[in-house]
Amino acid sequence: MAQVLIVDDEREFCSILDALLRERGHTVRCVHSGEAAIGTAGERPPDIVLLDIQLDGIDGIETLRRLKAFLPDTPVIMMTAFGNVGAAVRSMKSGATDFISKPFDNQELFRTIEALLSMRHKTGGEAPAIVGESPAFREAMDMALKFAVPDINVLLLGETGTGKELFARAIHEKSKRRGGPFVAVDCSMFSESLVENELFGHEKGAFTGAVAKCVGRLEMAQGGTLFLDEIGNLPMQFQAKLLRVLQERRAWRVGGRKAIQLDVRIVSATNRDLSEAIRAGAFRQDLYYRLQEMTIQLPPLRERNGDIRLLAGHFVRFYAHLFRTNVPVISEDAHAQLEKYPWPGNVRELENAMKSAVVLAGDVVLPEHFLLKALGAGTRAAAVGAASRVNEEDERLGLEIEVGMQAAGMDLKAFGARAADRAERSLLLALIRRGRLTGAQMAKLLNVDPKTLRVKLRRYGLEARRAIEG
């Protein structure tokens, strides 16, 4: 049980709360001003503080700052007026651990207190390894961890490959919901007709083919966190339905008549400019405000000074362990090339580059082990060669369109299949020309079964030319 300090100038409210907490076995002290709270906490430090944001004299925010000056590790729950998320966010930036809106449900308060006390005595879930020491990265990570505990909807903004899902997982693992599920949904993966079924689920017989009940992702995330990735791609018609769910905290399966009460925290992410999407009529402004109770901007890799070297070493060690090989040393020339490269694909692209380098390198990673030259990190000759290949592909595409128009018809699926075949053959040929790869290494690099690789090499007429061991 805990020593609880209640700070509220409503004496009747304090008395009721005192009685409720004593029934749970806690020791309670009540004070009615910020000055009294600071004095009392200084004499006998509490295990947890319930602090009203509206106080006469020193207000709740200033009281919070002063308490945190000498009790930095003590959890402080701010009590705010219902729906005053703005005040809650300001208190979080000043050091509050969580907030609860008045009037509140007693059970919700008890769960919050118990979760915070548990988090003080246990390490809790481990956040995913996110490597970085640059000021831009640390600012984003510090903000994510500061807002991990309260059930505030967080919107993560950043370019593709900046690690938005890793940040979302870190928020979940450091929250009081870490014991619940983390459910991720890529909103760009589903058509307008499928997204409702994916998120809400359906009842048996709701439509043709619905032979059994299906639980939606929202329901799967009960007690935990739902991560809505690429939220900017959510169909406009469905946005109104999602807004209603977020407002009412309940959902209906497709074909269902009974509402499902939701206990889910929402973290969303996008690489789109949602302000521009709102102006273009492609995203609802009211949904945007509901999702971004707190916004965190993730920096692109090119703005994370010094982190490229750290990340490169991290990925080399990780993939060397995964592939059960010696950890190669990254040469200074290789580091220099990595730091020159603009990284349009951000951390994800760097990870892929280091993964291939571990496969291609021996004891030392050299610049030639990076598959980046065609993207502009290498010599002028490589860039010219890449441009030439693009021009050849454009000419081939133009010829196919002309032939198709003259024949009064084109098969989109067939055209896509041919394009995919050409891309696969080009990649395999490029790897073969580099040499030094065994069949097992090439299969591992491409994430395919060795048998599948052999079939594709035979299909593209490359089996006899390959410079690898079978």
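The label-point distance for residue 27 and residue 114, in a model that sets each label 7 Å from Cα toward Cβ, rounds to 2.2 nm.
Taking the C-alpha atoms only, the angle from helix 11-23 to the longest principal axis of the chain is near 70 degrees. Could you state the angle between the C-alpha long axis of helix 164-173 and the longest principal axis of the C-alpha atoms of the chain, as a value from 0 to 90 degrees rounded to the nearest 10? Around 40 degrees separate the two axes.
Considering the values [x] 21.9, 65; [y] 28.0, 90; [z] 23.6, 92, which represents Rg and Dmax of the Cα atoms in Å as calculated for the structure under consideration? For Rg and Dmax of the Cα atoms in Å, the calculated option is [y]. Spread over its residues, the convex hull of the C-alpha atoms of the stretch 1-75 is 71 Å³ per residue.
Across the stretch 304-357, the volume of the C-alpha convex hull divided among the residues equals 70 Å³ per residue. Excluding residues fewer than 8 places away in the same chain, name every one of the lysines whose C-alpha is closer than 24 Å to that of residue 68. Hits, sequence-local ones excluded: 93, 102, 122, 146, 174, 176. Using R0 = 30 Å, the C-beta based FRET efficiency linking residue 222 and residue 272 works out to 0.55. Considering only Cα atoms, the convex hull volume of the stretch 204-300 works out to 124 Å³ per residue. For the chain, the longest principal axis of the C-alpha atoms and the axis of helix 450-459 are separated by about 40°. Computed log10 I(q)/I(0) for the stretch 180-258 at 0.12, 0.17 Å⁻¹: -0.32, -0.66, from the Debye equation with unit scatterers placed on every C-alpha and solvent omitted. Counted over the chain, the DSSP beta bridges are approximately 10% antiparallel. In this rough spin-label picture, where each label sits 7 Å from Cα along the Cβ direction, the residue 193-residue 424 distance is 2.8 nm. Label-to-label distance, residue 9 versus residue 105, with points set 7 angstrom from Cα along the beta-carbon direction: 3.1 nm.
Remark on the chain: 187, 214 stand apart, with no other cysteine beta carbon under 4.7 Å. Taking every DSSP helix (H) stretch of at least 4 residues in the chain, weighting each as -39,500 (n - 2.57) and dividing the sum by the residue count yields a mean residue ellipticity at 222 nm of -15000 deg cm²/dmol. Annotation: per residue accessible area for the chain equals 51 Å², rounded to a whole number [probe 1.4 Å, protein chains only].
The protection proxy used here, the mean number of other Cβ atoms lying within 10 Å of each residue, ranks peptides 158-165, 242-249 as follows, highest first: 158-165, 242-249. Using the Cβ-Cβ distance between residue 282 and residue 417 with R0 = 25 Å, the FRET efficiency computed as 1/(1 + (r/R0)^6) comes to roughly 0.20. When the solvent-accessible area of the chain is split by element, carbon and sulfur atoms take up 51 percent of it, the probe being 1.4 Å.
The values are calculated or read from the model by the stated rules, or taken from the named source; none is laboratory data. Fair warning: this is a prediction, and the values are worked out from it, not measured in the lab. When we count neighbours, we look across all protein chains shown, and the Cβ atoms used for this are built from the backbone with ideal geometry, even at glycine. Accessible surface areas use protein heavy atoms only, side chains included; no ligands, DNA or RNA. Shrake-Rupley method; radii C 1.70, N 1.55, O 1.52, S 1.80 Å.
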